[in-house]
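Readers should treat all values here as calculations from the given coordinates under stated rules, not as data from a laboratory. Computed from a prediction, not measured in an experiment: that's the story for all the values here. No Cβ is skipped: glycine too gets one built from the backbone with ideal geometry, and neighbour counts run over all protein chains shown.
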Amino acid sequence: MDESPAEVDVTMSQVAAPLAIEVQEASENDAATGEVVFDLHDVNVYYGQALAVAGVSLEIYKNHITAMIGPSGCGKSTIVRSLNRMNDSVSGFRLTGECTYHGNDLYASGVDPVEVRRRIGMVFQRPNPFPKSIYDNIAWAPRILGLKENLDERVEKALRGAAIWDEVKDRLKTSALGLSGGQQQRLCIARSIAIEPDVLLLDEPCSSLDPISTASVEDLMQELKRDYTIVIVTHNMQQAARVAERTAFFSLDVSEGRRTGILVEYDETSKLFTRPTDKRTEDYVTGRFG
Ligand SMILES: Nc1ncnc2c1ncn2[C@@H]1O[C@H](COP(=O)(O)OP(=O)(O)OP(=O)(O)O)[C@@H](O)[C@H]1O
Ligand SMILES: [Mg+2]
């Protein structure tokens with residue numbers, strides 16, 4: 001609800017795979033035993049007649065960072081946008097299969113997509129602050145939701161949570177458009193967390209950022225996962241390896257002239273990058289793909 005439709009720039013710029021990817025040591029979070037937030041079972045997504053993604057089954061765990069990687073067009077954005085009903089407004093969009101959120105069917109009749117997006121926030125590839133002041137960017141969604149009490153505190157908490165408070169506290173009334181790209185992206189994260197969602201979906205949040213801003217957004221994700229469940233789409237495999245407990249590798253199945261996205265492998269990140277079970281995953285993570 002706090003975003004205009006994404007203007008997603010489709011690039012393959014970061015697909016060139018490294019030959020060696022450093023992965024995190026397994027942490028206590030690695031075990032797939034946590035609380036399930038999203039449970040997808042045999043999900044298919046169509047745009048009109050075209051089957052864009054087929055047969056996706058996966059579980060996403062609470063307070064984990066889950067990464068989605070794979071070549072352009074394999075359906076990463078489609079799946080991540082399906083998790084907060086962001087595709088509803090796309091004409092011809094249709095989802096079949098089961099997609100539950102804390103055990104509730106996200107696509108059941110009667111589910112309010114606006115409420116879904118309140119709980120499941122989204123940040124896009126290009127920072128997209130509103131042409132308003134820094135303060136008003138953060139206060140916008142709380143005001144719409146009637147959360148007007150202690151608004152100053154709420155704004156400060158969100159900006160602190162997104163690790164940008166110190167940089168903006170003396171210029172809250174100035175335009176958000178005057179911030180650097182990295183600051184704008186953290187502002188957009190602050191805007192998402194101002195209404196205290198449950199989940200943050202990040203679709204290539206660092207692809208327009210320099211390495212320093214990227215590092216600060218990655219640090220921020222590590223902080224945020226204490227309170228939030230995070231799903232990140234990234235073309236940067238080192239980034240997936242650095243931040244995510246679990247990684248889903250999607251690819252394209254090409255047959256009869258049709259290109260359909262499929263989930264090839266989903267596992268703990270360390271396993272997916274060092275001991276993948278599928279040859280296609282191995283080829284991709286070692287750079288032999290494409
Ligand atoms: N709004 C739409 N209308 C029609 N087809 C779409 C739409 N959005 C995506 N598609 C198609 O669905 C497929 C998956 O696209 P998607 O954007 O999910 O891929 P992706 O993995 O996010 O790619 P990228 O890495 O380039 O961002 C593609 O074939 C794409 O053309
Ligand atoms: Mg995408």
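Where the alpha-carbon atoms of the range 28-285 are placed on the principal axes, they occupy 57, 41, 36 Å, in descending order. When +1 charges are put on Lys and Arg Cβ atoms and -1 charges on Asp and Glu Cβ atoms, the dipole computed for the chain relative to its Cα centre reaches about 680 debye. Pairs of lysine residues in the chain that meet both criteria, 8 or more places apart or on different chains and Cα atoms under 21 Å apart, total 18. The mean sequence distance of close C-alpha pairs (under 8 Å, at least 6 residues apart), as a share of the length of the chain, puts its relative contact order at 28 percent. Legend: Rg and Dmax of the range 154-220, from Cα coordinates, 11.4, 30 Å. Give the calculated FRET efficiency between VAL254 and ASP219 to the nearest 0.05, with a Förster radius of 45 Å applied to their Cβ-Cβ distance. My answer for the efficiency is 0.70.
Rounded to whole numbers, the Karplus 3J(HN,Hα) couplings from phi for the range 38-53 are 10, 10, 9, 10, 6, 7, 10, 10, 10, 10, x, 7, 7, 7, 7, 9 Hz, using 6.51 cos²θ - 1.76 cosθ + 1.60 with θ = phi - 60°, and x at Gly and Pro. Close amide H partners of GLU265, meaning residues 5 or more places away or on another chain with modelled amide H under 5 Å apart, are PHE249.
For a paramagnetic label modelled at 7 Å from the Cα of GLN49 toward its Cβ, which residues of the range 79-93 fall within the zone defined by backbone nitrogen distances under 16 Å? Taking a point 7 Å out along Cα→Cβ of GLN49, the residues of the range 79-93 whose backbone N falls under 16 Å are 92-93. Each Lys or Arg adds one and each Asp or Glu takes one away; over the other residues whose Cβ falls under 12 Å from the Cβ of GLN184, this sums to +2.
Each of LYS132 and ILE144 was given a label point 7 Å from its Cα along the Cα-to-Cβ line. The distance between the two points is 0.9 nm. Were the residues from ARG275 through HIS102 laid out at 0.36 nm apart, the gain over their Cα-Cα distance would be 59.2 nm. Measuring between their Cα centroids, the range 252-286 and the range 231-250 lie 13 Å from each other. Of the GluC sites (Glu not before Pro) found in the range 137-168, the ones in coil according to DSSP and having at most 16 other Cβ atoms within 10 Å of their Cβ are GLU149.
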